[in-house]
Structures are given as structure tokens and as C-alpha cells.
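First the structure, in the form of C-alpha cells, and then the observations on it.
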Amino acid sequence: MEAALNNLSLFEYFYRDASNYKVWGSVLLKGEAIHAQVTQIRSCFEAEEFFIAGQLSLLPLYAALWAFSDGPTDAYHVWHTFHDMQVAGLDQANRTVFDTVENFISRVEAISEWNQKLSPHWDL
């Protein structure tokens, strides 16, 4: 079991609205991300941390906050925040693998412009 964990990475991200309420998410990636790859990903994000989740086929997290506000409000915006990419722990090992580290990096690098219109909050 430990050997398999050495070959899995966890991409962690979150959504924070303008009122500073947060929702966390993560996806499991096959392969062990090295520091240079994390730096590579950061360089593709706005201000090295912000991205549009739907553009990477990641689950947008803001809907979890809608339950507390009865839907989108002016506190919502389009950006998710990259937190970290690290070796997956035992508690993540049984999750479904989203992609490989290499494919995910390619997906991030292929984006030349973040499309804010993919978010339901882009015109709020």
C-alpha cells in the first residue's frame, strides 16, 4: 500500500467568497509531483494562484456556499485558489484518480486565457 501512495499526488484548491467563507476541494493525480512541477503550475495561474475550476474540468466549489445564501450573491466571484500539490496520504488512497500529474500540467499549460464566463458569477 505504501508504494502505491508514493505514486499519487493530491491537487488541493479552494473557493473563498468576498466574505471569506471557504470551501475546500482536491483531486487525486497519478504520479508524484515534484517541486518544479508545482512551480510550473503556479506560473500558469493568475497571480500564481487563481484559476477557473471548470476550465480544468475540476468541480467548481462555490455551490456548496449557496446553501447558506440561497444562491449566488454579490459576494461570489469566478476564481478558485490553488493551495498545494503534494504526495497523497493514506486517507486519499481509495479515491478515484482524476488524471495523471503530467496530463493535468498539460491541461493547465494549454490555457492561454482564463474564461470567466464559465462561472455563473462572472456577471454578478
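The values are calculated or read from the model by the stated rules, or taken from the named source; none is laboratory data. This structure is a prediction, so every number in the text was calculated from the model and none was measured. Here Cβ is always computed from backbone atoms with ideal geometry, including for glycine, and neighbour counts include all displayed protein chains. Note: areas computed on protein heavy atoms with side chains; ligands, DNA, RNA excluded. Shrake-Rupley method; radii C 1.70, N 1.55, O 1.52, S 1.80 Å.
How much net charge surrounds residue 57 when only the other residues with a Cβ under 14 Å from the Cβ of residue 57 are counted, with Lys and Arg +1 and Asp and Glu -1?
Local net charge: 0.
Residue-wise, which Karplus ³J(HN,Hα) couplings in Hz belong to segment 10-22, taking 6.51 cos²θ - 1.76 cosθ + 1.60, θ = phi - 60°, and x for glycine or proline?
So the Karplus estimates, Gly and Pro as x, are 10, 8, 10, 8, 8, 10, 10, 7, 5, 8, 6, 7, 10 Hz.
When the helices in the chain are scored as -39500 (n - 2.57) per DSSP H run of 4 or longer and the sum is shared across all residues, what 222 nm value do you end up with, to the nearest 500 deg cm²/dmol?
Helix-only estimate at 222 nm: -6500 deg cm²/dmol.
Would you work out what percent of the accessible area of the chain, with all protein chains in place, is carbon or sulfur (probe 1.4 Å)?
The C+S portion of the solvent-accessible surface of the chain is 50 percent.
Can you work out the FRET efficiency for the pair residue 115 and residue 32, with r the C-beta to C-beta distance and R0 = 30 Å, to the nearest 0.05?
The computed FRET efficiency comes out at 0.50.
Rounding to the nearest 20 debye, state how big the charge dipole of the chain is about its Cα centre with +1 on each Lys and Arg Cβ and -1 on each Asp and Glu Cβ.
That gives the chain a dipole magnitude of about 160 debye.
May I ask you to derive the FRET efficiency for residue 49 and residue 24 from their Cβ-Cβ distance with R0 = 22 Å, giving the value to the nearest 0.05?
For residue 49 and residue 24, the calculated efficiency is 0.90.
Please calculate how many Å² of accessible area the chain carries per residue, with a 1.4 Å probe and no DNA, RNA or ligand atoms counted.
Here the residues of the chain average 56 Å² of exposed surface.
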